[in-house]
Amino acid sequence: MNRRAARVFAAAAVSSGIGPNTVTVLSACSSFVGLVLLVVLPQSWGTGVLVASLLALGYIMDSADGQVARTTGKGSPAGEWLDHVVDAVRTPALHLAVFIGFERWFNFDPWLSYLPLVFALVAVGHFTSQILAEQLTRQRVAQLPVASPGVSSAEPHRKGALWSVLIIPADTGIMCWVFVLWGSPVLFAASYVLLFLFSLIFAGISARRKFVHLGVRVR
């Protein structure tokens, strides 16, 4: 769904002459405005819907910038760097905003109030794992002989329909829309804890797979 929405936005950006870097900046602005509102506005259902919508819009534009770059041929290392920097800041910022929101608006036990800080560490670790794996794989491909038998340079993909369903809670879109429950401390906290547990397990599985793949020696 996000990719389809991103295609629509990308087409509108291209037709309007908006470049990929501008889309990345707009994505960052939408996300960070949403997080600021989460902190400053009183806790309510309306606040949750507004924040979720802004975060989802930022997510859509984050997916659209690459499509704009490929369509217009304006992709560059600088643009890729900008995209990664925005994601590197946005990833922990979301959970830090939740932490502040918990402290300001909710009366939770300490273990739950500080959970967003742990979630931020897990999210940053998973993000770093993905980015480093991509870069190291590229480096590995560059070092491979033209016809190198044996180990493939690409990470093996064994993902079927069942796997796609199982990892739905790890999708960033789910994290965006869970804020529609912000009006109910109990519902939001329960959903947030479940997403944390799933993210922790998924990050561990993903990290192990990448470590094994990168540890395979090329012959």
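For the range 15-27, which residues satisfy the criterion of being of a type outside the set (Gly, Ala, Ser) and surrounded by fewer than 18 Cβ atoms within 10 Å (Cβ to Cβ)? Once the filter is applied, which keeps residues that are of a type outside the set (Gly, Ala, Ser) and surrounded by fewer than 18 Cβ atoms within 10 Å (Cβ to Cβ), the range 15-27 yields THR22, VAL25. Within the option set VAL68, VAL86, being more than 29 Å from LEU121 (Cβ to Cβ) and of a type in the set (Val, Ile, Thr) holds for one residue only, VAL68. Filtered by the rule that a residue be in contact with a helix residue (DSSP H, G or I) (Cβ under 9 Å, 6 or more places away or on another chain), assigned to a helix (DSSP H, G or I) and either free of Cβ contacts under 8 Å to residues at least 60 places away in the same chain or aromatic (Phe, Trp, Tyr) (or both), the range 97-115 gives PHE99, PHE102, GLU103, TRP105, SER113.
Of the helices (runs of 4 or more DSSP H) contained entirely in the range 156-219, those carrying at least 1 residues that are at pLDDT 80 or above, within 20 Å of the chain's Cα centre (by Cα) and small (Gly, Ala, Ser) fall at 172-177, 185-215. Looking at this structure, is VAL33 surrounded by fewer than 20 Cβ atoms within 10 Å (Cβ to Cβ) and at pLDDT below 90? So VAL33 fails the test.
The values are calculated or read from the model by the stated rules, or taken from the named source; none is laboratory data. Bear in mind the structure is a predicted one, so any value in this text is a computation, not a measurement. Backbone-built Cβ (ideal geometry, glycine too); neighbour counts: all protein chains shown.
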